[in-house]
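The structure under discussion appears below in the form of C-alpha cells.
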Amino acid sequence: MKKIITSLFLFLLLLKIEAQQEVQMADEMNSNGKIYVVVAVMITILIGITLYLVRIDRKISKLEKNK
Amino acid sequence: MATPKDYMQKQWWKILSIVLLIYTFIAGLLMPVPRIPQLQETIRNLYFHVCMWFAMMILFTISVINAVKYLRNGLLVFDIKARQYAVVGIVFGLLGYLTGTIWMSYTWADPNNPAYASFSSIAREPKLIGAAIALLVYFAYLILRDSIQDLDKKARISAVYNIFAYTLLFPSIWILPRLLPSLHPGKEGNPALNFNDISPTMRLVFYPAVIGWTLLGLWIATLKIRLKILKEKIILP
C-alpha cells in the first residue's frame, strides 16, 4: 500500500514538473492591454483599404452607367 | 439608381468579407491559442499566412473554370475573367510566400547560429520550392498572354495554358512536398481541414478568416474584371 501511494505521489510530482515547463507566450502583453494597440492599428489599416476599395467600386459603377 | 435593398442583395458578400476580416483581426489576436513550444504566439499566423494560400487556391480554381468556359463557348468575357482571377490569385500567392518567409525565419532558423547558417536547410524545403514553381508557372501564364497580339488566339492559348498551370499546382504544392522530408507542417494530411488536428478555438477564427480573405480577393478581382470590360468596350465598340 505504501509503495503504491509513494509511486502515485511521484507520478503526480512528475506531472507537476511537466506542467511547469510552460511555453513562453505574450501573456504580459495581453494583460497590460498593449495588444489592443496592435488590434487598433490593424483594424485601421483594414478599414482604410476597405474604404479605398469601396471608392474604386463606386467609380467603376459610375463609369458602367455612363457608357 | 439602385435602392439600398438592391444594393444589399448584390453586395452583401463584400460587407460579409469585411465583417469577417475585422473579426479575424480582433479574435485572431486576442483569443487564446494553444501553447506550443517553438511556435509560441506565431501560431496566430495561421489566420493570415495559411489563408493567403487558401484564397490563392480558390481564385486559381475560379480562373481555370472560366478558362474552360471560354474554350466551350468562345466569349471573350470569360477570358478576361480567367486572367483577372489568376492575377489576384498570384498576388495572394506572393503574399503567402512573403509571410511564410517571415514566419519561418523566426521558427525554423536555429537561434544559436547566425541566420545564414540555417539558410541551406531552409532553402531545401520542398514546400518552398514547390510553391515557387507553381507561382513561376503562373507568371509564365501572364507573359504568354501578353506576348500574343491576336485577341482570339491569345484567349485560346492562354486558356489551354491555364488548365496546364492549374494541373501543375497539384503535384508541386500538394503532392511532392508531402513525399519529401519537410519542416513545414501539414505533411501527414490536411491539418487545416482535419477536425481533429486543429484546436477548436482556432477553428472558430480560422474558417471565418479563410472565407473573409477569399471574399476580399473576389472583390478585388471583380473590380479588375469590370474595369477591363469597360476598357475593352472603349477599344472595341
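The values are calculated or read from the model by the stated rules, or taken from the named source; none is laboratory data. Nothing here was measured: the structure is a model prediction, and the numbers come from that model. Positions of Cβ are generated from backbone atoms using ideal geometry, with glycine treated the same way; all protein chains shown enter the neighbour counts.
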Checking B:ALA165, B:ALA209 in turn, the sole residue that is modelled with pLDDT of 80 or more, surrounded by 21 or more Cβ atoms within 10 Å (Cβ to Cβ) and more than 25 Å from B:PRO126 (Cβ to Cβ) turns out to be B:ALA209
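For the range B:109-130, which positions are surrounded by 15 or more Cβ atoms within 10 Å (Cβ to Cβ) and more than 21 Å from B:ALA165 (Cβ to Cβ)? If you could, list the steps in order and put the result at the bottom.
Kept after step one, since they are surrounded by 15 or more Cβ atoms within 10 Å (Cβ to Cβ), are these residues of the range B:109-130: B:109, B:118, B:122, B:125-130.
Scanning the range B:109-130 gives B:ALA109, B:SER118, B:ILE122, B:GLU125.
Considering only the range B:95-106, state which residues are loosely packed, with under 15 Cβ neighbours inside 10 Å and touching a helix residue (DSSP H, G or I) at 6+ places or on another chain (Cβ under 7 Å).
B:SER105, B:TYR106
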Among B:LYS81, B:LYS10, the single one that is surrounded by 17 or more Cβ atoms within 10 Å (Cβ to Cβ), assigned to a helix (DSSP H, G or I) and basic (Lys, Arg) is B:LYS81
Those residues of the range A:12-67 which are surrounded by 12 or more Cβ atoms within 10 Å (Cβ to Cβ), of a type in the set (Val, Ile, Thr) and at pLDDT 85 or above amount to A:ILE43, A:ILE47, A:ILE49, A:THR50, A:VAL54, A:ILE56, A:ILE60
If you check B:THR3 against the conditions, is it under 26 Å from A:ASP57 (Cβ atoms), at pLDDT below 90, polar (S, T, N, Q) and surrounded by fewer than 18 Cβ atoms within 10 Å (Cβ to Cβ)?
yes
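Is it the case, given these coordinates, that B:THR42 is part of a helix (DSSP H, G or I), within 14 Å of chain A (Cβ to nearest Cβ) and of a type in the set (Ser, Thr, Tyr)?
Numbers: part of a helix (DSSP H, G or I): yes; within 14 Å of chain A (Cβ to nearest Cβ): yes; of a type in the set (Ser, Thr, Tyr): yes.
Yes.
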Regarding B:TYR97, is this residue within 13 Å of chain A (Cβ to nearest Cβ) and either within 20 Å of B:ILE229 (Cβ to Cβ) or in a helix (DSSP H, G or I) (or both)?
-> no
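Of the residues that sit in the range B:92-118 and are β-branched (Val, Ile, Thr) and touching a residue at least 24 places away in the same chain (Cβ under 8 Å), which one is nearest to B:LEU46 (Cα to Cα)? Working first, answer last.
Within the range B:92-118, the subset β-branched (Val, Ile, Thr) is B:99, B:101-102, B:107.
Next, only the ones that are touching a residue at least 24 places away in the same chain (Cβ under 8 Å) stay: B:99, B:107.
Working: B:THR99: 11, B:THR107: 13 Å.
The qualifying residue nearest to B:LEU46 (Cα to Cα) is B:THR99.
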Within the range B:159-173, residues being touching a Phe, Trp or Tyr at 6+ places or on another chain (Cβ under 9 Å) and not hydrophobic (A, V, I, L, M, F, W, C) number 3
